[in-house]
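Note sheet for the following structure.
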Amino acid sequence: MSAQFLPLATRRRTIYALGNELPVSENDLIEIIKNAVKQAPSAFNSQTSRVLILLGSQHQRFWELTREQLRKIVPEANFAGTSAKIDGFAAAAGSALFFEDQTVVKNLQQQFASYAEHFPVWSEQASGIAQYAVWLALSEKGIGANLQHYNPLIDEDVRREWHIPASWTLRAQMNFGAILAPAGEKTYMDDDQRFIIAR
């Protein structure tokens, strides 16, 4: 394990106060995300994770679509707070939308029938690892991020707007941008509730 990993993992936090500036170029940012996903492990090296990277007006468009879907289900009396939250997400520099390709999952289920029931679970694990890898890579560059889950509410809008293949299932949305305010203090549950040590 790299001596740098744990300090980086400790520094990675959920940052909600994000600005639209980036300490790297958009091209460098794209390469950071692509390389982080490529290096993220997956069962059978299945590489099921897919990512839609939204910048500028496309990022803004995504959050407007999300706002309009939320307007349909949030009571009007409560919508101002919801809309303000969306404003905060839209103020970031961009978003990375994470998908899992179900065609790959189904092909693996057919190819390795004895493991068939496990491949959907392994796909979800691969998605989580890819999300974490991107989050760490962004943190290393001083870019803040937060992870959201407005799927499946927005799935069809996203599919239509960006011509997403039918086999891609949306799993999470990561906002990223300049860190305008640090995260609050993080608390941890007692180790004896989380770990069992056997020697």
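Here are a few things to note about the model shown:
- Flag if ALA126 is assigned to a helix (DSSP H, G or I), more than 27 Å from PRO182 (Cα to Cα) and hydrophobic (A, V, I, L, M, F, W, C): yes
- Contacts under 8 angstrom Cβ, first residue in the range 54-74 being touching a residue at least 24 places away in the same chain (Cβ under 8 Å) and over 15 Å from ASN151 (Cα atoms), partner open to solvent by 80 Å² or more (accessible area, probe 1.4 Å) and part of a helix (DSSP H, G or I), 6 or more apart: LEU54/ARG61; LEU55/GLU26
- Flag if THR10 is hydroxyl-bearing (Ser, Thr, Tyr), free of Cβ contacts under 8 Å to residues at least 60 places away in the same chain and open to solvent by 30 Å² or more (accessible area, probe 1.4 Å): yes
- Candidates GLY142, GLY177, GLY184, GLY128, filtered to the one that is within 19 Å of the chain's Cα centre (by Cα), exposed (fewer than 14 other Cβ atoms within 10 Å of the Cβ) and small (Gly, Ala, Ser): GLY142
- Subset of the range 61-92 [over 22 Å from ARG171 (Cβ atoms) and part of a helix (DSSP H, G or I)]: ARG71, GLU76, ALA77, ASN78, PHE79, ALA80, GLY81, SER83, ALA84, ASP87
- Each residue in the range 93-123 was checked for being acidic (Asp, Glu) and outside any helix (DSSP H, G or I), and 2 of them qualify.
- Any hit, the range 172-182, residues being closer than 16 Å to ARG67 by Cα, touching a helix residue (DSSP H, G or I) at 6+ places or on another chain (Cβ under 8 Å) and of a type in the set (Phe, Trp, Tyr): no
- Of the residues in the range 47-58, at least one is farther than 12 Å from ILE143 by Cα, in contact with a Ser or Thr (Cβ under 8 Å, 6 or more places away or on another chain), surrounded by 18 or more Cβ atoms within 10 Å (Cβ to Cβ) and among the small types (Gly, Ala, Ser).
- Selection of first residues in the range 22-45 that are more than 21 Å from ALA172 (Cα to Cα) and open to solvent by less than 40 Å² (accessible area, probe 1.4 Å) and of second residues that are at pLDDT 95 or above and in a loop (DSSP other than H, G, I, E, B), restricted to Cβ pairs under 6 Å at least 6 apart or on distinct chains, gives the following pairs, ordered by first then second residue: VAL24/LYS141.
The values are calculated or read from the model by the stated rules, or taken from the named source; none is laboratory data. Just so it is clear, the structure is predicted and the values come from calculations on it, not from any experiment. No Cβ is skipped: glycine too gets one built from the backbone with ideal geometry, and neighbour counts run over all protein chains shown. Side chains are part of the model used for accessible areas, which takes the heavy atoms of the whole protein and leaves out ligands, DNA and RNA. Shrake-Rupley method; radii C 1.70, N 1.55, O 1.52, S 1.80 Å.
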